[in-house]
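Asker: Structure in structure tokens, see below.
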Amino acid sequence: MKAEVLASYNATFVMKVERMAEMGETIQATDVRFEHGGKGSNQAVGISRLGAEVRLIAGIGRDPFGESALSLWASSGMDVSGVKRSRVATGMAFVFLVGTQNFIYLSPGANSDIDQDWVATHLGEADVFMTVFEVPYDLAVWAARRAARASLTFVNPAPAHAIMPDELDGIYAITPNEAEIKVMAGLSPVSNVDFRELARSYAKHVNVVAVTLGEKGSYLVYGGSERHIPALPSRAKETTGAGDSWSAAFAYFIARGEGVFEAAEMANAAASLLVERRRGEALVDNLPTLEEVERRHSGFMRTVKSLSREHSCCLVPFRRYSATQGKRLQEQLKSWERSTRATGSPFTTGGKMTSSDLFLFPRPNAS
């Protein structure tokens with residue numbers, strides 16, 4: 001599989017703090033580290049880790065941070081012939097961690113120093129084209145629509161920018177989170193407007209709208225159908241980069257031929273692996289491999305089938321379960337997760353099964 005990514009790169013400084021400072025206040029960080037960042041670069045490394053051949057189009061500065069980016073991409077086996085060395089400084093990001101939540105501030109730098117001429121010169125043919133809004137959003141949209149002539153195109157509209165649905169005509173999929181789709185619609189990120197209504201409006205112009213919901217999973221609108229894909233149970237240590245891991249896996253598995261809802265399940269598995277691993281290590285070093293994602297997903301499905309037998313349950317359509325029943329499954333899976341970790345048992349592989357529209361429900365004759 002070949003993937004082309006119009007990517008951003010940000011030299012990223014991560015600071016762990018007890019809380020965000022108030023105006024005029026100084027707070028001491030408990031931990032500070034530097035790592036590779038940029039949503040586009042993270043997603044490029046993520047889809048490469050899954051097995052795709054990746055070609056980058058990006059802008060970096062002629063500085064040590066730019067050299068570091070090239071070293072990262074070269075070590076990942078990527079084609080960097082489309083990377084522009086700019087006189088503008090490499091983009092930078094500052095991430096503040098409060099518990100498992102993150103607050104991110106960006107300076108785009110060289111990410112904004114590429115234009116349509118540069119992209120047109122280096123844009124080729126690939127199975128997948130991916131981009132983000134950390135490059136100029138209008139350039140990202142233009143490039144995705146142009147790439148759609150030869151590729152499945154995926155746009156992660158982060159950071160979000162107000163954009164009309166018809167401006168996305170021709171793009172295969174967009175992957176905003178719940179706050180971002182509200183900003184796209186010109187609303188406040190904390191607006192009370194139902195994000196599902198917004199997803200439906202954008203789905204009239206793109207094939208797939210996949211809204212990521214963090215620990216709640218994802219919500220997809222595709223082909224006249226809508227579905228909530230529950231997150232896999234996980235013990236999150238740090239959530240930075242979860243959306244990047246999700247977006248990379250979603251694009252990969254769709255391009256590989258999985259159904260849209262099944263690809264979202266696999267993406268949920270990829271994101272769950274990343275958030276469980278991060279304990280201060282570099283994000284890119286923790287992005288999962290194809291084998292790891294498939295093992296996590298099949299292990300989860302094997303557990304669902306096992307629970308259905310052990311607890312005298314049957315599988316019923318997801319749309320019929322209640323909040324109480326949902327809590328019950330989560331508790332069962334967490335208990336299973338604790339026991340497997342205590343014994344050191346690995347996730348095991350099992351037969352293919354779709355969980356996105358299924359749920360454990362007590363049999364009527366169960367005691």
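Every read-out reported here was derived from the displayed coordinates using simple, explicitly stated rules and does not represent laboratory data. On a predicted model such as this, the values are computed, not experimentally measured, just so you know. No Cβ is skipped: glycine too gets one built from the backbone with ideal geometry, and neighbour counts run over all protein chains shown.
Asker: Could you tell me which numbered condition Ala74 fails, if it satisfies all but one of (1) over 21 Å from Thr131 (Cα atoms); (2) loosely packed, with under 15 Cβ neighbours inside 10 Å; (3) aliphatic (A, V, I, L, M)?
Answerer: So Ala74 meets the others, but not (1).
Asker: Going by the structure shown, is Tyr202 among the aromatic types (Phe, Trp, Tyr), crowded, with 21+ Cβ neighbours inside 10 Å and over 18 Å from the mean Cα position of the chain (by Cα)?
Answerer: On the way: among the aromatic types (Phe, Trp, Tyr): yes; crowded, with 21+ Cβ neighbours inside 10 Å: yes; over 18 Å from the mean Cα position of the chain (by Cα): yes.
The answer is yes for Tyr202.
Asker: Somewhere in the range 222-239, is a residue in a helix (DSSP H, G or I), touching a helix residue (DSSP H, G or I) at 6+ places or on another chain (Cβ under 7 Å) and more than 15 Å from Val128 (Cα to Cα)?
Answerer: Going through the range 222-239, the residues in a helix (DSSP H, G or I) turn out to be none.
Looking for residues that are in a helix (DSSP H, G or I), touching a helix residue (DSSP H, G or I) at 6+ places or on another chain (Cβ under 7 Å) and more than 15 Å from Val128 (Cα to Cα), one finds none in the range 222-239, hence no.
Asker: Can you name every residue in the range 187-220 that is farther than 20 Å from Gly259 by Cβ and among the polar types (S, T, N, Q)?
Answerer: Ser188, Ser191, Asn192, Ser201
Asker: Residue check: is Val193 surrounded by fewer than 20 Cβ atoms within 10 Å (Cβ to Cβ) and not acidic (Asp, Glu)? Working first, answer last.
Answerer: Working: surrounded by fewer than 20 Cβ atoms within 10 Å (Cβ to Cβ): yes; not acidic (Asp, Glu): yes.
Here the answer is yes, as Val193 does meet what is asked.
Asker: What are the residue pairs meeting all of these: first residue in the range 174-194, first residue assigned to a loop (DSSP other than H, G, I, E, B), second residue loosely packed, with under 14 Cβ neighbours inside 10 Å, Cβ atoms under 8 Å, and 6 or more apart or on different chains?
Answerer: Ala185/Ala162; Ala185/Val193; Gly186/Ala162; Leu187/Val193
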